[in-house]
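Shown next, in structure tokens, is the structure this report addresses.
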């Protein structure tokens, strides 16, 4: 099990709209299923992604990230052509990434952390609407 995190280039809030969040979740699910990556938990934030995944033993973590980021960017550009206006060179995701094994942390702790990121973002969204 691995906790993966990455963000759009320049940390733009491209996934702020619920429609875009849902599309990104759907695409990541499709990509993961295609490559036999098991998504246990997924939180799509306006400017980054948190996910808890299980990967096949023959696949490296960097390969799993490469597949998730590359295929999802390709599909996002295909389904949302307007994203190309922000990213004309075709690089949706930032080259950076974060990953860690869940082995040194309790699985429930990491799952709760990823779920809580969604709650934190919802709270921030509600607060920004009120101001």
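Any read-out appearing in this document is the output of simple, stated calculations on the displayed coordinates, not a laboratory observation. A quick note: this is a predicted structure, and the numbers were derived from the prediction, not measured.
Values as computed for the structure displayed
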quantity	calculated
Relative contact order computed over the chain (Cα-Cα under 8 Å; 6+ residues apart), in percent	36 percent
Calculated P(r) of the chain - Cα pairs past 28 Å, %	15 percent
Segment residue 12-residue 112, length gained on full extension (0.36 nm per residue, minus Cα span)	33.4 nm
Computed [θ] at 222 nm, deg cm²/dmol, the chain (DSSP H ≥ 4; -39,500 (n - 2.57); rounded to nearest 500)	-16000 deg cm²/dmol
